[in-house]
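Working notes, structure below.
We did not get these values from a lab; they are worked out from the coordinates using the rules stated. Predicted, not measured: the structure shown is a model, and the values here were computed from it. Note: ideal-geometry Cβ built from the backbone for every residue, glycine included; neighbour counts use all protein chains shown.
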Amino acid sequence: MNFLKYTSYLYLAFGIYFLYEGYTKWSSGTETPFLSFVIAGLAIFMFFFRRKFAKKFDDRNKQS
């Protein structure tokens, strides 16, 4: 279960990638970047969500 601590950083990497992709689409003006920004926001939200619950699990395991 130790690798699950590091999988939340994949969400952060995807969030940064989709922010970059949305920015490049916005700069070119040929495509709409809104879907990329929504996916980036969701990925960054999932990063913080997973970190919070991983910390909660660690705290619960230390108490028992």
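Numbers for the structure displayed
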item: Boolean, SER27 is small (Gly, Ala, Ser), more than 13 Å from the chain's Cα centre (by Cα) and in a helix (DSSP H, G or I); result: yes
item: Filter pass, SER8 being part of a helix (DSSP H, G or I), in contact with a Phe, Trp or Tyr (Cβ under 8 Å, 6 or more places away or on another chain) and among the polar types (S, T, N, Q); result: yes
item: Considering residues of segment 5-61 that are of a type in the set (Asp, Glu) and without any contact (Cβ under 8 Å) to a residue 12 or more places away in the chain only, the residue surrounded by the most Cβ atoms within 10 Å (Cβ to Cβ); result: GLU31
item: Yes/no for THR32 being over 16 Å from the mean Cα position of the chain (by Cα) and of a type outside the set (Asp, Glu); result: yes
